[in-house]
Amino acid sequence: MLAKVCSAAVNGIEAYPVEVEVNAGFGDTLLVVVGLPDAAVKESRDRVTTAILNSGYTFNFGRTTINLAPADVKKEGPSFDLPIAIGMLAASDQLETDQLANFAMVGELALDGGIRPVKGMLPIALRARAEGRVGLLVPRDNAPEAAVVKGLQVIPVQNLREAAGFLEGEVKISPIRVDLDTLFDQRQEDELDFSEVKGQESVKRALEIAASGGHNLLLIGPPGTGKSMLAKRIPSILPPLTLEEALETTKIHSIVGLLGPGQALVTRRPFRSPHHTASDAGLLGGNINPTPGEISLAHHGVLFLDELPEFKRSVLETMRQPLEEGRVTISRAAGTMTFPSEFMLVAAMNPTPDGKMPAESRSSPREIQNYLGRISGPLLDRIDLHVEVPQVKFREITSERAAESSASIRERVLAARARQHARFKDRPKISCNARMGPRELRQYCVLDEHALELLKFAMADMNLSARAYDRILKVARTIADLAASDNVSSEHISEAVQMRSLDRQLWT
């Protein structure tokens, strides 16, 4: 007898439908899995047969062929265990139901028949809804994640017997529901706050500008000045994720397996801080079968690279495309994948090998040059703000005066983002000033004669590139938004240029 069960698998960050066909024939017992299965899928034969027996069913199959269609796409992971088991029960007349076409299902089987969670549940649920399925049978721990998708009945099941009973109509299971408003209203009690940072008012101003416009930022200063402390608090002043952004971010975290048990959605902007020993594949993604790396995990959030010159130069150079285009394309023998990577880069570094400013350093000029030379000019051009982080003065450390809180700074950031949202309402692909293209720069960054002359002088004096020119205009536009100004004036240009000059002082 032939049985067909609907399932799905993840390719990149999207899912595609998979039809599990089980044909139970006669003859000697033999289970064959076809359709380009990997080792984990092939091993499902032993897991499924043992789970069937331990769930109280009989195993009296002859020659059984299990086909995973489409047959020209490689299938990975243990998520097909449940649909294969249901298909085998239906093919052997141990399961009688007319619901197999209405419900898709995924799940890994334990040997006792229990159902374990799998990766990539959110994109699978989105695909099931797009395919017109009534519902989706999922492991209980994955149910909140899948329930984020509206218009789809998400049925949490604990074991094979329960899943079969539901399909036969003998077991009643209520679809799980998730209140998205409640998820977004949740707050972390231990959230880091800028009120804990003493001094560094000029640096906080730069961070406010960067958060307001989504600009990349480089913090340069001696050890112990608070570069990491400041960077880790940036998410506390960023705008909250929208539902669309949360879904995109959750899809990436889901397929990598970073969602906790029962976690439905990523509701806060991610903050990723990879170690400087990270490889190309670790940062950009890759491996034999391309998977997202750190820059994609930081999508709609912050990627913090501490000790920037300590990263391999080849690793840093591979970031140029993602910084420019907001996505990364990885080509491997298994195929080509494109992952979103629209993140805010925050990097920190010492100005010299011994951590002191060049005028005070004991390192030789050649040593300093070699140290700074690990970061290329094209990469620096893609970083909008270069800010010096000086030593904190003793009176600031011991001061009892409370510093400005993250909530207060966030209010100004949200006001600036609101102006940008209104400006780009007809251009949904542009989320902030940092994502403006040449057309938007010409339209929204018109300079008067004084501002234009000031920028012309800065370009000549600092030997800036055309890309740096665009970056200055974008930062100036953000500064004007913070000042609630419709026009970009010389005052805004001047502040933007000042936050672009430090790298020229060091690298020349």
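The values are calculated or read from the model by the stated rules, or taken from the named source; none is laboratory data. Since the model is a prediction, treat every value here as computed from it, not as a measurement. No Cβ is skipped: glycine too gets one built from the backbone with ideal geometry, and neighbour counts run over all protein chains shown. Areas reflect the complete protein model, heavy atoms only, side chains present, ligands, DNA and RNA absent. Shrake-Rupley method; radii C 1.70, N 1.55, O 1.52, S 1.80 Å.
List of remarks:
- Of all residues making up the range 458-486, the number that are of a type outside the set (Ser, Thr, Tyr) and modelled with pLDDT of 90 or more: 15
- Among residues of the range 128-150, those that are in contact (Cβ under 8 Å) with a residue 12 or more places away in the chain, over 20 Å from Glu245 (Cβ atoms) and either surrounded by fewer than 24 Cβ atoms within 10 Å (Cβ to Cβ) or not polar (S, T, N, Q) (or both), counted: 12
- Residue under evaluation Val22, criteria (1) within 25 Å of Lys251 (Cα to Cα); (2) touching a Gly at 6+ places or on another chain (Cβ under 7 Å); (3) touching a residue at least 40 places away in the same chain (Cβ under 8 Å), criterion not met: (1)
- Qualifying residue in the range 247-258 (condition: among the hydrophobic types (A, V, I, L, M, F, W, C) and buried (at least 20 other Cβ atoms within 10 Å of the Cβ)): yes
- Set Gly286, Gly282: member being out of contact with any Leu (no Cβ under 7 Å at 6 or more places or on another chain), open to solvent by less than 10 Å² (accessible area, probe 1.4 Å) and farther than 28 Å from Leu180 by Cβ: Gly286
- For the range 189-207, a residue qualifies if it is open to solvent by less than 10 Å² (accessible area, probe 1.4 Å) and either at pLDDT 90 or above or acidic (Asp, Glu) (or both), and the qualifying residues are Phe194, Val203, Ala206, Leu207.
- Test: residue in the range 299-322 that is basic (Lys, Arg) and under 29 Å from Ile237 (Cα atoms): yes
- Test: residue in the range 403-419 that is within 19 Å of Glu307 (Cβ to Cβ), small (Gly, Ala, Ser), part of a loop (DSSP other than H, G, I, E, B) and open to solvent by less than 70 Å² (accessible area, probe 1.4 Å): no
- Reported count of residues in the range 380-402, each being open to solvent by 50 Å² or more (accessible area, probe 1.4 Å), in contact (Cβ under 8 Å) with a residue 60 or more places away in the chain, among the hydrophobic types (A, V, I, L, M, F, W, C) and out of contact with any Lys or Arg (no Cβ under 7 Å at 6 or more places or on another chain), is 1.
- All positions within the range 447-473 that are within 25 Å of Ala418 (Cβ to Cβ), under 36 Å from the mean Cα position of the chain (by Cα), open to solvent by less than 20 Å² (accessible area, probe 1.4 Å) and not β-branched (Val, Ile, Thr): Arg471, Leu473
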